[in-house]
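> To start, I am sharing the structure in question, which I have written as structure tokens.
The values are calculated or read from the model by the stated rules, or taken from the named source; none is laboratory data. If you're wondering where the values come from, they're calculated on a predicted model, not measured in any experiment. Here Cβ is always computed from backbone atoms with ideal geometry, including for glycine, and neighbour counts include all displayed protein chains. Areas reflect the complete protein model, heavy atoms only, side chains present, ligands, DNA and RNA absent. Shrake-Rupley method; radii C 1.70, N 1.55, O 1.52, S 1.80 Å.
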Amino acid sequence: MSAIKETYESLNLEPKPIRPHILAAATVAFGEDYYAARKETINLSGFVQLNKWPMPGFEHRVDEKGYAEFETELISAPEVGIKGFSYELDDRIQVLSNPFLPNTGHVRQITPGKNFPAEFNIRRFGILESSTLRLAHRNVIDIYGVVDHIPPFKKPLTGPYLGKPRGDGPFDVIVGPNVVKGTTLPEAWYPANEDNEPVGITPSMFFMPSAGPCISMLVDPSMIMQVSLEGQAKLEVGGKEVTVDLAGDYKNAAGTEILLFGPEKHDEGTGVLAQISRVAISGHCAELGGRVMLRVSFPRVSGGTLGEGTEDSLSRIRYPSELHIDTEFELVTPDVTLYATNPVHVFGKLGSMEATGTELQMNGTDTALVTTADEVKARLTGINLVMRDSFVGEHAAVNV
């Protein structure tokens, strides 16, 4: 008896869009010279809308060789896109879909008659904005990955790579399931006109093939906290103790973003999981050459918990409630990016979900800050940060 051949009709997908949170990174080179420019890997996150079959206008088909597929489209809207903070620009950047060009793709069986694993592909035309820039690229950026369910949510607190690389590359990027990456890089970005068309022959920026090659993954948190931060980091530089004042405003895509996953969003039993998905707080350190920025690693996940661990939903959290996160810090300096050799424990006690006034402190073991060649340049010995203004909700729109 022949095996049953699956098609995506068996999934009984609803005729409505998927509107999830997205975590992403892009390794960027600034300026017109790709080879001489300094690289920066920028953590990005935001809110996307993926239209798909069986919504009107989208097809499901099975070809003559038995491969089933269905059509998708990444839409453009004011609240949809990804955002992050660039050290090099000292400014927020956000990446949006070009509304004048089709950002279309598909989900397609890899083995005919078997729905998963499946190929996920989007042909991406983007717009990149800061407070002073509006850029577009000429060629399509092909986004490709392998997914094992729809929606292709990444398991909470798991990293994007099969491994934990350090640095901005160049190196091969090996992604895990339900992670997609740009496969047609590098790509130059040019100043754009009002119709989002690239102008001239002199680029302003490049998306590079590693370490964050336009890479992204969908996650499904119960709640998202975007929070402004201010406070101090304590460093040891050349045997000298240094205190660096740091600050970042969430309205400028700085500060921090914390994701909370209730038990219905993970498979770890009871309790609420927490992840710091982005940090960008800047200050001045003469001993390290000038302006510095503390951020968290994209490949090395900063994860932990909120609450007592016995809660059967996020709504069961009793306040004040303890937040514990093992945090993977990186420190960007004018000359080099430094990477913590081990996670440091950050602790806070939230008075409510709004979090304003909560102190985050580092306790336990400090960590060396090293170059990609393992040369120790400093030590991170303390963190004391205070949460200020915040925006808390189920979605993190770009225009927040």
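> Between Val199, Val296, Val179, where does the largest GNM mean-square fluctuation fall for the chain, given springs only between Cα atoms within less than 10 Å?
Val199
> Roughly what percent of Cα-Cα pairs across region 1-220 reach past 33 Å? Don't skip to the answer; put the middle values down first.
Values: 4288 of 24090 pairs.
Counting pairs separated by more than 33 Å, the tail of P(r) holds 18 percent.
> Suppose every Lys and Arg Cβ carries +1 and every Asp and Glu Cβ carries -1, with no other charges. What dipole size does region 1-220 come out with about its Cα centre, to the nearest 20 debye? Intermediate values should be presented prior to the final figure.
Values: 21 positive and 27 negative charges, 125 e Å.
Dipole magnitude for region 1-220 comes out near 600 debye.
> Also, I was wondering about something else. Would you kindly give the portion of the calculated P(r) for region 199-285 that falls above 18 Å, as a percent of all Cα pairs? Please list the in-between numbers first.
On the way: 2486 of 3741 pairs.
Value for region 199-285 (Cα pairs over 18 Å): 66 percent.
> I've got another one for you. ³J(HN,Hα) across region 24-34 via Karplus (A = 6.51, B = -1.76, C = 1.60, θ = phi - 60°), whole Hz, x for Gly/Pro?
Each residue's phi maps through the Karplus curve to give 8, 8, 9, 8, 10, 10, 9, x, 8, 10, 4 Hz.
> List, in order, the whole-Hz ³J(HN,Hα) value for each residue of region 378-394 obtained from phi through the Karplus relation with A = 6.51, B = -1.76, C = 1.60 and θ = phi - 60°; use x for Gly and Pro.
6, 10, 8, 10, x, 9, 9, 10, 10, 6, 10, 4, 8, 10, 10, x, 7
> Still on this model: Would you mind getting the accessible area per residue of region 142-200, heavy atoms of the protein chains only, 1.4 Å probe, in Å²?
On the way: 2810 Å² over 59 residues.
Accessible surface, normalised per residue, equals 48 Å².
> While we're looking at this one, here's another question. To the nearest 20 Debye, how big is the dipole of region 221-392 about its Cα centre, given +1 on the beta carbon of each Lys and Arg and -1 on that of each Asp and Glu? All intermediate terms of the calculation are to be shown ahead of the outcome.
Working: 14 positive and 24 negative charges, 57 e Å.
Dipole size: approximately 280 debye.
> Now, a different point. Based on the alpha carbon coordinates of region 221-392, what radius of gyration and maximum Cα-Cα distance (Dmax) apply, in Å?
When restricted to the Cα atoms of region 221-392, Rg and Dmax are 16.1, 48 Å.
> Name the aspartates and glutamates eligible as straight-distance cross-link partners of Lys234: C-alpha to C-alpha under 20 Å, and not fewer than 8 places from it in the same chain.
Qualifying aspartates and glutamates at Cα under 20 Å: Asp245, Glu287, Asp326, Glu328, Glu330, Asp335, Glu359, Asp366, Glu375.
> Which of Pro343, Pro203, Pro78 moves most in a GNM of the chain, Cα contacts under 10 Å?
Pro78
> Right, something else. Could you run the Karplus curve 6.51 cos²θ - 1.76 cosθ + 1.60 with θ = phi - 60° over region 307-321 and give me ³J(HN,Hα) per residue in whole Hz, x for Gly and Pro?
x, 8, x, 10, 5, 8, 6, 4, 5, 8, 4, 9, 9, x, 9
> Along the principal axes of its C-alpha atoms, what lengths does region 69-166 span, in descending order and rounded to whole Å?
Per principal axis, max minus min of the Cα coordinates gives 50, 36, 24 Å.
> OK, next. Provide the per residue accessible area, probe 1.4 Å, for region 250-317, rounded to a whole number of square angstrom. It would help to have the intermediate numbers written out before the result.
On the way: 2350 Å² over 68 residues.
Each residue of region 250-317 exposes 35 Å² on average to a 1.4 Å probe.
> Quick one: pull the percent of accessible area on the chain belonging to carbon and sulfur, 1.4 Å probe, ligands and nucleic acids left out. Each step should come with its number before you reach the end.
Values: 8560 of 17110 Å².
Carbon and sulfur together cover 50 percent of it.
> From the mean inverse distance of alpha carbon pairs (Kirkwood) and the Cα radius of gyration, derive Rg over Rh for region 174-250. Intermediate results must be reported in sequence, preceding the final value.
Values: Rg = 19.8 Å, Rh = 17.4 Å.
Expressed as Rg/Rh, it is 1.14.
> Placing unit charges on C-beta atoms (Lys and Arg positive, Asp and Glu negative, everything else neutral), compute the dipole magnitude of the chain about its Cα centre in debye, rounded to 20.
Taking the Cα centre of the chain as origin, the dipole is about 260 debye.
> May I have the pair-distance distribution P(r) for the chain, computed from all Cα-Cα distances with 20 Å bins from 0 and rounded to whole percent?
Answer for the chain: a P(r) of 27, 57, 16, 1 percent.
> With a probe of 1.4 Å, find how much accessible area region 1-136 has per residue, and write the answer as a whole number in Å². It would help to have the intermediate numbers written out before the result.
Working: 6270 Å² over 136 residues.
Counting only protein heavy atoms, the per-residue value for region 1-136 is 46 Å².
> Right, another one. Between Thr381 and residues 5 or more places away or on another chain, which pairs have amide H atoms under 5 Å apart, with H built 1.01 Å from N, and which residues are they?
Counting only residues 5 or more places away or on other chains, the set is Lys234, Leu235, Glu236.
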